1. Can you name the residue in region 13-46 that is touching a residue at least 24 places away in the same chain (Cβ under 8 Å), in a helix (DSSP H, G or I) and of a type in the set (Ser, Thr, Tyr) and is also farthest from Leu108 (Cα to Cα) among such residues?
2. Please tell me if Phe120 is touching a residue at least 12 places away in the same chain (Cβ under 8 Å), touching a Phe, Trp or Tyr at 6+ places or on another chain (Cβ under 6 Å) and either assigned to a loop (DSSP other than H, G, I, E, B) or buried (at least 24 other Cβ atoms within 10 Å of the Cβ) (or both).
3. Would you please name the residue that is farthest from Thr309 (Cα to Cα), looking only at residues in region 274-293 that are among the aliphatic types (A, V, I, L, M) and modelled with pLDDT under 85?
4. Of the residues Arg28, Arg46, Arg80, Arg52, which single one is under 23 Å from the mean Cα position of the chain (by Cα), closer than 16 Å to Ser169 by Cβ and among the basic types (Lys, Arg)?
5. Looking only at region 102-117, filter to residues that are of a type outside the set (Val, Ile, Thr) and not in a helix (DSSP H, G or I); which one of those is farthest from Trp251 (Cα to Cα)?
6. Does Ile94 satisfy the criteria of being surrounded by fewer than 19 Cβ atoms within 10 Å (Cβ to Cβ), in contact with a helix residue (DSSP H, G or I) (Cβ under 9 Å, 6 or more places away or on another chain) and at pLDDT 95 or above?
7. Working only within region 166-176, note down all residues that are assigned to a helix (DSSP H, G or I) and surrounded by fewer than 24 Cβ atoms within 10 Å (Cβ to Cβ).
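The values are calculated or read from the model by the stated rules, or taken from the named source; none is laboratory data. Bear in mind the structure is a predicted one, so any value in this text is a computation, not a measurement. Please note: Cβ atoms are built from the backbone with ideal geometry, for glycine as well, and neighbour counts cover all protein chains shown.
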Amino acid sequence: MSATPEAERPAWFSLAFWSLLAAALAYRVQLVLAFPTVYSWDAFTRLLDPGRLLVRHWMPIPQLPIYAGDVFGWEITAVRLAYALIGVAAVGLIGAFVVRTQGPREGLVATAVAAVLPGFAVYTIVPYQEGVLLCFLFLFLCLWRADVDTMSATARTVAAVALGLACLSRYEAWIFAGLFALRPIAARRRAALPIFVPALGAIAWWLVTLPSLDQTNPMATPVAAPEAVSLEVALAALREGAQLGLAGLHWVGLPVAALGAVAAARRGGLLGREVLAFWIGLVALSLARTLHSAEATTRMTVLPLVLATLYLPSGLRTLARFRPLPVRVQQAAGVAFVVAMVVASTFAIDDFLEKRRRHYRDERSVALHLLEVTARAPASVRIGLVPKEIDNAWGESAVKAIFGQSMRLRVDDPRFRIGRERVAAERTHLDRVLLYDTETDRYIVVSPNDPALGVLYSTR
């Protein structure tokens with residue numbers, strides 16, 4: 001379907017669209033403030049080294065808000081709000097693209113659903129790549145025209161830059177760029193090729209740069225290499241990983257979106273060709289990853305489910321044709337369905353974040369305690385830290401979770417001695433030791449010379 005002319009949009013459309021985006025931003029701000037605990041291992045790892053853009057094997061663009069936070073002295077809340085703002089920008093661009101390809105009412109539906117898509121919401125308020133990637137991809141989609149000659153010079157430049165930045169955000173953008181480059185190449189439309197030059201340059205630069213990066217994780221516990229599994233096991237794992245993404249009635253919306261994808265394929269256009277091929281590719285990629293390792297996380301389903309929201313409005317329209325009802329009844333039923341999805345999604349998001357808060361309760365309490373201690377302690381003070389699940393000089397889980405709670409806590413702080421071996425070696429020279437008591441299942445602070453002196457601090 002072609003773009004809807006501005007004159008055909010209802011007078012109330014702009015107010016409704018921007019109100020949805022304002023509500024989406026306010027909702028994410030509320031989530032960040034209500035659930036200050038940072039969660040998930042990739043986020044922790046990114047926050048451990050905020051002064052670098054190239055962290056491990058990850059592309060640099062999603063690291064920019066953390067790097068900016070380190071430069072300007074932001075705390076973790078400000079960094080999370082920056083990621084939230086990027087996520088809302090992605091939601092707005094998703095809605096704008098649906099407006100262009102399907103119409104204003106359909107755009108409002110996609111905007112409302114994408115704003116509270118559970119997996120997308122919870123991973124755009126912590127340092128992850130999804131919001132950054134989708135922001136650039138949908139900026140490109142909003143500007144792209146199959147007939148490149150109809151694009152202004154500014155639109156071509158912005159689209160080219162957006163695609164190049166997307167290719168430095170996450171590898172899925174490489175698939176996206178390839179799909180969109182195929183048709184101009186096949187049709188020998190030379191005018192379109194410069195748009196893909198920044199993407200090609202970004203890919204080439206990354207392929208040259210990646211081998212020279214230190215991809216090791218100094219805090220990682222060795223794990224066995226993944227093994228291939230059966231399709232049945234992979235589907236079970238994928239189903240488990242998709243539970244959050246499909247919460248909030250999205251398990252109902254997904255078949256409706258599939259119906260809309262079939263209708264889009266028949267009509268052709270962007271939604272029926274390149275975008276549909278990209279969606280199918282993302283689903284296949286998630287399944288292939290799961291077949292390889294039998295591990296499926298919520299994040300692996302985020303991108304496919306966000307793409308599904310593009311087809312939900314078309315699916316609702318197609319579904320209405322099978323059961324003809326008065327127009328007002330159809331509209332009321334559609335609005336009720338979307339509102340039910342939005343409301344149910346907020347409950348799913350709150351439940352997820354509450355579980356994460358409980359899971360990392362001790363680690364956050366320890367982080368706050370360390371901030372309090374180090375704020376008062378002179379530079380000569382030495383603090384030993386022996387968290388649970390640590391089995392070598394660095395260990396992984398608790399250290400990451402503790403130091404990922406604040407931009408002011410740094411593992412390279414000379415006042416910290418982290419790990420059982422380091423603490424044991426320097427015990428008599430430490431002013432305080434923080435350790436995990438396996439009998440009481442709590443973190444305690446003890447005297448370095450006489451643990452029998454008692455618990456000075458407890459997180460429970």
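1. Result: Thr45.
2. Here the answer is no, as Phe120 does not meet what is asked.
3. The extreme case among them is Leu291.
4. Values: Arg28 fails: closer than 16 Å to Ser169 by Cβ; Arg80 fails: closer than 16 Å to Ser169 by Cβ; Arg52 fails: closer than 16 Å to Ser169 by Cβ.
One residue alone meets the criteria, Arg46.
5. The selected residue is Gly103.
6. no
7. Residues satisfying the conditions are Glu172, Trp174, Ile175.
Every residue, every condition in (1) buried (at least 20 other Cβ atoms within 10 Å of the Cβ); (2) at pLDDT 70 or above; (3) closer than 23 Å to Phe35 by Cβ, yes or no:
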{"residue": "Glu363", "(1), (2), (3)": "yes, yes, yes"}
{"residue": "His369", "(1), (2), (3)": "no, yes, yes"}
{"residue": "Glu372", "(1), (2), (3)": "no, yes, yes"}
{"residue": "Pro387", "(1), (2), (3)": "yes, no, yes"}
{"residue": "Ile418", "(1), (2), (3)": "yes, yes, no"}
{"residue": "Tyr443", "(1), (2), (3)": "yes, no, yes"}
{"residue": "Ala452", "(1), (2), (3)": "no, no, no"}
{"residue": "Val455", "(1), (2), (3)": "no, no, no"}
